[in-house]
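Colleague: Below: one structure in structure tokens.
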Amino acid sequence: MTTPVTLIPGDGIGPSITAATVRLLKAAGASIAWDEQVAGMAGVARYGDPIPDATLDSIKRTRLALKGPLETPVGEGYRSITVALRKTFDLYANVRPAHTMLPNGRYTNVNIVLVRENTEGLYSGIEHYVRVGDDPHAAAESIAIITRFGSERVVRYAFEYAMKHGRKKITLVHKANILKYSQGLFLDTGRMVARDYSGKVEFEERIVDAMAMNLVLAPEKFDMIVTTNLFGDILSDQISGLVGGLGLAPGANIGVNGAIFEAVHGTAPDLAGKGVANPGALVLAACMLLEHIGDLERAGRVRRALETTLTAGKTLTRDLGGKASTEEFTDAVIAAL
Ligand code: NAD
């Protein structure tokens with residue numbers, strides 16, 4: 001059965017890593033009918049709109065998208081196109097897995113899935129300046145919104161993910177010792193949800209600053225993490241650094257009515273047009289998409305081919321210390337398939 005999926009190549013390095021990923025999935029025999037659409041600067045160029053209706057309509061129809069990184073045009077009224085897409089489809093859980101794939105790295109045994117709340121917290125977009133005397137920007141206020149509803153559904157998602165994927169432990173990361181109301185509500189709600197899974201999935205709590213240190217000292221002690229929006233953004237980049245950097249960090253944005261799969265990294269303007277970006281993160285995001293649509297066998301095969309190529313170490317992109325182009329790296333992964 002062919003699955004229709006919206007494909008958004010994106011900006012900067014997006015089109016080249018997307019083309020590489022599509023080529024790889026085709027070589028793996030994936031049954032996907034891509035509906036290619038634009039967003040970000042490419043959306044502005046084609047339709048004068050960074051989130052064109054045609055793209056939204058396509059995602060509404062397919063409920064699935066693979067998306068390259070997007071540049072947010074200045075002055076279009078959006079903080080971030082990617083954040084706007086997550087909000088439009090209420091994609092409340094951002095799943096960011098990371099595990100050691102490169103040999104001889106600093107850490108050998110990292111295997112962590114971080115689940116980040118994707119719609120609330122300090123990314124709610126409620127900000128303003130406060131005028132004092134003549135200075136219109138004398139102070140600034142950013143409001144963090146945490147709701148019991150939003151906290152409960154993301155923590156429950158994390159526990160359900162743990163049950164489905166055989167994960168043993170969830171660490172809830174917070175800062176409730178200082179932000180007693182907003183972070184306190186997230187923590188209280190998390191404890192309440194955890195009781196429903198008692199005896200099935202272990203539950204522990206960590207304050208975010210201690211967590212940052214613990215992740216560097218002993219990342220192998222952590223299995224799954226669930227946390228609020230900003231902490232999840234920061235810690236997931238930290239964790240990607242433990243396993244080889246942004247070039248290998250995928251993410252899935254999951255909601256009730258859809259899912260968007262993407263690389264965690266941005267458009268890498270310094271590499272755009274040079275054909276040297278690492279497509280690994282988007283390939284891993286595509287593996288998450290394959291798993292999501294139930295094609296576990298093919299997801300495993302593509303992932304193993306990527307790992308084989310990384311372990312062989314002969315054809316690596318520059319971010320991983322090699323000299324290969326995006327195309328050469330992709331050819332090597334296809335050969336490993
Ligand atoms: P970035 O992730 O684009 O780049 C950070 C560093 O990582 C750069 O040195 C870059 O060369 C490197 N890098 C990133 N992806 C790589 C890859 N696949 N292969 C090799 N090296 C890679 O972050 P930035 O520079 O802060 O942001 C650039 C633009 O991307 C901004 O416009 C930002 O808004 C946007 N952005 C978009 C998303 C998204 O759409 N999900 C996420 C983050 C940033």
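The values are calculated or read from the model by the stated rules, or taken from the named source; none is laboratory data. Being a predicted model, the structure only gives us computed values, none of them experimental. Don't worry about glycine lacking a Cβ; one is built from the backbone with ideal geometry, like all the others, and counts go over all protein chains shown.
Colleague: Kindly indicate whether any position in segment 260-275 is touching a residue at least 24 places away in the same chain (Cβ under 8 Å) and either away from the ligand (no atom under 14 Å from the Cβ) or in a helix (DSSP H, G or I) (or both).
Modeller: no
Colleague: Against the conditions (1) under 21 Å from the mean Cα position of the chain (by Cα); (2) farther than 23 Å from THR108 by Cβ, where does GLY300 fall short? Just the number, please.
Modeller: Unmet condition: (2).
Colleague: Residues to consider are PRO4, PRO15; find the one that is out of contact with any Asp or Glu (no Cβ under 9 Å at 6 or more places or on another chain) and either at pLDDT 95 or above or in a strand (DSSP E or B) (or both).
Modeller: PRO15
Colleague: Oh, and also: Name the pairs whose Cβ atoms lie under 8 Å apart, with the first residue in segment 227-253 and closer than 21 Å to ARG304 by Cβ, the second part of a strand (DSSP E or B) and of a type in the set (Val, Ile, Thr), and 6 or more positions between them or separate chains?
Modeller: If the second residue must be part of a strand (DSSP E or B) and of a type in the set (Val, Ile, Thr), the pairs left are GLY247/THR317; GLY251/VAL95; ALA252/VAL95; ALA252/ILE260.
The rows are residues; the columns are (1) within 26 Å of ALA84 (Cα to Cα); (2) in contact with a helix residue (DSSP H, G or I) (Cβ under 9 Å, 6 or more places away or on another chain); (3) at pLDDT 95 or above.
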{"position": "THR119", "(1), (2), (3)": "yes, yes, no"}
{"position": "ASP134", "(1), (2), (3)": "no, no, yes"}
{"position": "HIS174", "(1), (2), (3)": "yes, yes, yes"}
{"position": "GLY184", "(1), (2), (3)": "no, no, yes"}
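Colleague: State yes or no: is GLU204 over 17 Å from ALA93 (Cα atoms), modelled with pLDDT of 95 or more and charged (D, E, K, R)?
Modeller: yes
Colleague: Among the residues of segment 219-238, write down those that are away from the ligand (no atom under 15 Å from the Cβ) and surrounded by 20 or more Cβ atoms within 10 Å (Cβ to Cβ).
Modeller: Answer for segment 219-238, where residues must be away from the ligand (no atom under 15 Å from the Cβ) and surrounded by 20 or more Cβ atoms within 10 Å (Cβ to Cβ): PRO219, PHE222, MET224, ILE225, VAL226, THR227, THR228, PHE231, LEU235.
Colleague: Let me ask you something else. ALA285 - would you say it is farther than 19 Å from LEU66 by Cβ and not β-branched (Val, Ile, Thr)?
Modeller: When the stated conditions are applied, ALA285 does not pass them.
Colleague: Let me confirm something: among ALA252, ALA212, which residue is small (Gly, Ala, Ser), out of contact with any Lys or Arg (no Cβ under 7 Å at 6 or more places or on another chain), at pLDDT 95 or above and within 16 Å of the ligand (Cβ to nearest atom)? Working first, answer last.
Modeller: Values: ALA212 fails: within 16 Å of the ligand (Cβ to nearest atom).
Exactly one residue qualifies, and that residue is ALA252.
Colleague: For LYS323, are the conditions met, namely being among the charged types (D, E, K, R), at pLDDT below 95 and farther than 19 Å from SER240 by Cβ? Full working, then the answer.
Modeller: Working: among the charged types (D, E, K, R): yes; at pLDDT below 95: no; farther than 19 Å from SER240 by Cβ: yes.
Judged against the criteria, LYS323 is not a match.
Colleague: While we're looking at this one, here's another question. Which of the following residues is under 15 Å from ARG116 (Cα atoms) and basic (Lys, Arg): LYS200, LYS169, LYS175, LYS180?
Modeller: Step by step, each of LYS200, LYS169, LYS175, LYS180 is checked, and only LYS175 is under 15 Å from ARG116 (Cα atoms) and basic (Lys, Arg).
Colleague: A further question follows. Taking segment 1-28 as the search range and keeping residues that are within 16 Å of the ligand (Cβ to nearest atom) and of a type in the set (A, V, I, L, M, F, W, C), which one is surrounded by the fewest Cβ atoms within 10 Å (Cβ to Cβ)?
Modeller: Per the criteria, the residue is ALA19.
Colleague: Looking only at segment 283-337, count every residue that is more than 15 Å from the ligand (Cβ to nearest atom) and in a helix (DSSP H, G or I) and tell me the total. Can you show your working first?
Modeller: Quick first cut of segment 283-337, residues more than 15 Å from the ligand (Cβ to nearest atom) only: 287, 289-305, 307-308, 311-314, 331-332, 334-337.
So of that shortlist, the ones also in a helix (DSSP H, G or I) come out as 287, 289-292, 296-305, 307-308, 311-312, 331-332, 334-336.
Total satisfying the criteria: 24.
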